[in-house]
Amino acid sequence: MISKSGDYSIQPQIDPKRIIAIWGFSEAALGGILHALKIPLTGMFVGGAAVIFITLLAHYSQKKTAILNATITVIVIKAIISPHTPLAAYFAVALQGLLGYLFFSLIKIEKIAAGLLGFFALLFSALQKFIILTIIFGNTLWESIDDFVNYILIQLKIDFSGYPISFSIILIFIYSSVHVAFGIYFALKAASLPHKLNEKSYLLTEAFRNYLTEDIFTRKELHIKKRWWKKKSGIVLIIFFVLLMILTYFEPGFEKNRAYEILIMLLRSFVITFLWFVIISPLVITRFKKFIEKNKFERASEINRVTALFPEFKKIINYTWKSSADYKKFKRLRRFLSDSIVLLLITRIENNA
């Protein structure tokens, strides 16, 4: 733990190993921190942070293969610190690292490589959710959403009959566009960050030197992956489908066989979820654990060095969240993330106790 007499120092040179440590901390803890702070779209911000750290690794590392090595280390740290993380999250990290290696190896202009990484990494992050939903529920999910929206529009006397519109496609497009826009934004910020670190050193004030606070993230919670129907979103989805099934019997605007299709869709989703958690997932997790155990042993010293920095990182996160209290909503989030990344990169808290 960092003592209350802890001091800090500015690092003259950014160490790639510290970037790996911050990336590992981000993947293992940032999502939980943002969730605790009740910030929506945490996956988008965790993915955006990954884009930033991969871009910084590409800038400060002599060889681009350092990105691949860092990706494996981060995956192992994520598995150790957050063992109940779903497999899809590990796949996302692996894909981000692979894309980062390819783009920064093949493209010499850093901003272009970073922009492409931000675009594709966050696009996949957004589409991944819709792909999983489609696998579980099938196309009936999107057809039901379209039917329901059309029904609401008819009740409001809005006629779109001459202009066939798929509202589910519009939803997917908007959600994906927001992710992509933020991905490119994070990427461009990351590409310009090395030139602005010195300008940002004003953040290191006496307020931070003398900063003492309780750790607002000390409470450890065991986050076990819930089945989709046990989550709030799943409960809302089931209620929506049940109401839709009822409407099909009383409203002529719906297809008569829609209720039957919805029932089949719900049964299909339960069967697929059962097969995944009971049969497929245990087999995949067994092989994945072997991979983690092997790399945990081979990278023991590196992982210990990285995780030893986590109390220091939490101290900085506490400071940046509370110091951004004068800002509201998105401005506060933007200031919090920006200041956190800068302080994590250029400060080292030393225990003087």
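The values are calculated or read from the model by the stated rules, or taken from the named source; none is laboratory data. It should be emphasised that the depicted structure is a prediction, and the values quoted were computed from it without experimental measurement. With ideal geometry, Cβ positions are generated from the backbone for all residues, glycine too; neighbour counts draw on all protein chains shown.
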- line: Heads up, the helices (runs of 4 or more DSSP H) in region 117-217 (entirely inside) with at least 3 residues that are at pLDDT 70 or above are 140-155, 167-192
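Each row is one residue, and each column tells you yes or no for (1) assigned to a helix (DSSP H, G or I); (2) among the charged types (D, E, K, R); (3) over 16 Å from Lys289 (Cα atoms).
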site	(1), (2), (3)
Ile39	no, no, yes
Ala49	yes, no, yes
Thr55	yes, no, yes
Lys63	no, yes, yes
Ala66	yes, no, yes
Ala70	yes, no, yes
Val76	yes, no, no
Ile80	yes, no, no
Thr85	no, no, no
task: State yes or no: is Pro252 more than 30 Å from Ile132 (Cβ to Cβ) and modelled with pLDDT under 85?
output: yes
message: Please go through region 36-52 and give me each residue that is more than 11 Å from the chain's Cα centre (by Cα) and surrounded by fewer than 22 Cβ atoms within 10 Å (Cβ to Cβ), ordered by number.
response: Ala36, Leu37, Lys38, Ile39
- prompt: Are there any pairs, at least 6 apart or on different chains, whose C-beta atoms fall under 8 Å, with the first in region 264-283 and under 15 Å from Gly138 (Cβ atoms) and the second at pLDDT 85 or above, and if so, which?
  reply: Ile272/Ile135
message: Checking the structure you have, find out if any residue of region 290-304 is within 17 Å of Ala89 (Cα to Cα) and out of contact with any Cys (no Cβ under 9 Å at 6 or more places or on another chain).
response: yes
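Taking region 75-88, which residues are under 14 Å from the mean Cα position of the chain (by Cα), surrounded by fewer than 21 Cβ atoms within 10 Å (Cβ to Cβ) and among the aliphatic types (A, V, I, L, M)? Give the steps one after another, and end with the answer.
Going residue by residue through region 75-88, those that are under 14 Å from the mean Cα position of the chain (by Cα) are 75, 78, 82, 85-88.
Applying the additional criterion that residues be surrounded by fewer than 21 Cβ atoms within 10 Å (Cβ to Cβ) yields 82, 85-88.
Leu87, Ala88 - these are the residues of region 75-88 that are under 14 Å from the mean Cα position of the chain (by Cα), surrounded by fewer than 21 Cβ atoms within 10 Å (Cβ to Cβ) and among the aliphatic types (A, V, I, L, M).
Among the candidates Ile112, Ile72, Ile184, which residue alone is more than 16 Å from the chain's Cα centre (by Cα) and farther than 30 Å from Ala300 by Cα?
Working: Ile72 fails: farther than 30 Å from Ala300 by Cα; Ile184 fails: more than 16 Å from the chain's Cα centre (by Cα).
It is Ile112.
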